[in-house]
Each structure stands twice: as C-alpha cells, then as structure tokens.
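Notes follow the structure.
The values are calculated or read from the model by the stated rules, or taken from the named source; none is laboratory data. This structure is a prediction, so every number in the text was calculated from the model and none was measured. Cβ placement follows ideal geometry from the backbone for every residue including glycine, while neighbour counts extend to all protein chains displayed.
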Amino acid sequence: MIFPTTHWTLLAKASLNGEAENRNALEELCRRYWMPISRFVQSRGVSASEADDLTQEFMVHILEKSLFVRADRFQGRFRSFLIGALIRFLGDKADQRNAQKRGGSAEHISYDAAQSLAESNGALRSDNENSALFDREWALTILENSLKRVRAEYAEARQDRDFAVLQCFLPGGADPPTYETAAAQLGITLAALKSEIHRLRRRFRALVREEVAQTVSAPHEIDAEMAHLQEVLMDKGSEFSHSRET
C-alpha cells in the first residue's frame, strides 16, 4: 500500500515548489488546521475575528519563510512542529505590537489583540499547557473531520435518516436512545441495529486513523498518534469525545 500524502509532504511542496502548488498546499493546510490554530489563538484572549487574521498570517508565514526546509520531519510529529512554529510566531507578533506602541508602523491587528498576545507570551502558560491546548483542538478537529466524512458516506448511500439515529452511538455523541428505541425508529431488529452500530463505529475508527495518518511522516508512527489522540480526549472512560467546550 502506498503511504498517503502527509502534511509534511504538503509543507515541502508549499516551501519548495511553484506558485500553484504553494496555493494548493496552503489550502489543504488551512482546511485541516485552521480551527486548531484559530482556537488556540483565541484561548489567549484574542477575539475570533482577530484570531482568524492571525491564523491566516501564520499560514502565509510558513510558506514565505520556507519553515519546512529547516525542520526535520523525522524528529517529531507534524503537530509538534506546528505548535512550536505558532508559539514563536505569536511571540514575534507580540514583540511587533510592543514596538508599535513605541512608535513603530501600524498593523491591522488591534492593540487589544496585541496586549492579549503579549500578556500570554511567557509565564502565564508553560510549554506543556501550550501543547495540551493545541493538541486538544487538533484531536477534536480530527474527530470532526472523520464525522463529516462518515456522514457524507451515509448521505451518498441515501441513508441520512439512518445516520441521524446511529450517530448518537458514536464516541462522544449525544445521549443515545435505548437500543430498543433506536431499532424501532429504524424499523429493524435489535440484532440488526447492533450490527449497524458496530459497522458505523468500525468505519468511524478507520476514518480517524486515515486522518491521523495524514499528520505523521511514516506508517509506524500512526499507532502512537492514535493512542495520543485517545489520551487527549479521554473523558470518564469514553473512547473519544468530539464535543468542544463552550
């Protein structure tokens, strides 16, 4: 089996190849990592709109500085590389805003956002806290992407109604009905319902694994990342949880 294109590979293309591939790679990075990055920035007291601006700047920064060229893809996970680059980027932004206070050129991010970044850049958060925040958003996004994919598969098979009932039985889903109630809603036997739930959960886990495979540099790293994802999202014995705190 051919190992799928990973984010390391996308970043290599974005850094080293032509404009069209740069744009395609950036679009893919944005699609998969926009939410973890934006929510991480928001966790530092920045508004949602300004966090989106900073997220876009960070994505462009990765391309412009060709950061992948200076990174060793075989010495760490992509998410570890990304959170390190993001924290350095935010620290630089805070320094720029402080320079602006002293009379430097103006930029479009507000002073309030600058203060939030500056105040959180240092003792307020340890490296472990930074990593934990980002890893949680990374893991939740992995699960949300997987949920969207399995929902789309049911829609393509014209089984939207079935999925509306069955999705409650996925890890982290809403409070599921009893098996008897769900079976009655779908008009199937209890044994058939259990079979459908088993099939859905198996497919969902496979899609989660595919999503995780996109973030490592070699196949042997997937199991460790799957274990880390489960550890990050473990909640009172649940295998996964895909609901974000509000």
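When you look at ALA155, is it small (Gly, Ala, Ser), more than 21 Å from ASP135 (Cα to Cα), surrounded by 14 or more Cβ atoms within 10 Å (Cβ to Cβ) and without any contact (Cβ under 8 Å) to a residue 40 or more places away in the chain, yes or no? Reasoning before the result, please.
Numbers: small (Gly, Ala, Ser): yes; more than 21 Å from ASP135 (Cα to Cα): yes; surrounded by 14 or more Cβ atoms within 10 Å (Cβ to Cβ): no; without any contact (Cβ under 8 Å) to a residue 40 or more places away in the chain: yes.
Judged against the criteria, ALA155 is not a match.
Need pairs with beta-carbon distance below 6 Å; first residue within 15 Å of GLY173 (Cα to Cα) and part of a helix (DSSP H, G or I) and within region 123-151, second modelled with pLDDT of 90 or more and among the basic types (Lys, Arg); sequence gap 6+ or separate chains.
Listed by first residue and then by second, the contacts come to VAL150/ARG203.
Does any residue of region 235-245 turn out to be among the basic types (Lys, Arg), modelled with pLDDT under 85, closer than 19 Å to ARG32 by Cβ and not in a helix (DSSP H, G or I)? Before you say what the answer is, go through the steps one by one.
In the first step, residues of region 235-245 are kept if they are among the basic types (Lys, Arg); the result is 236, 244.
Filter again for modelled with pLDDT under 85, leaving 236, 244.
After this cut, where a residue has to be closer than 19 Å to ARG32 by Cβ as well, the list is 244.
So of that shortlist, the ones also not in a helix (DSSP H, G or I) come out as 244.
Yes, region 235-245 contains a residue that is among the basic types (Lys, Arg), modelled with pLDDT under 85, closer than 19 Å to ARG32 by Cβ and not in a helix (DSSP H, G or I).
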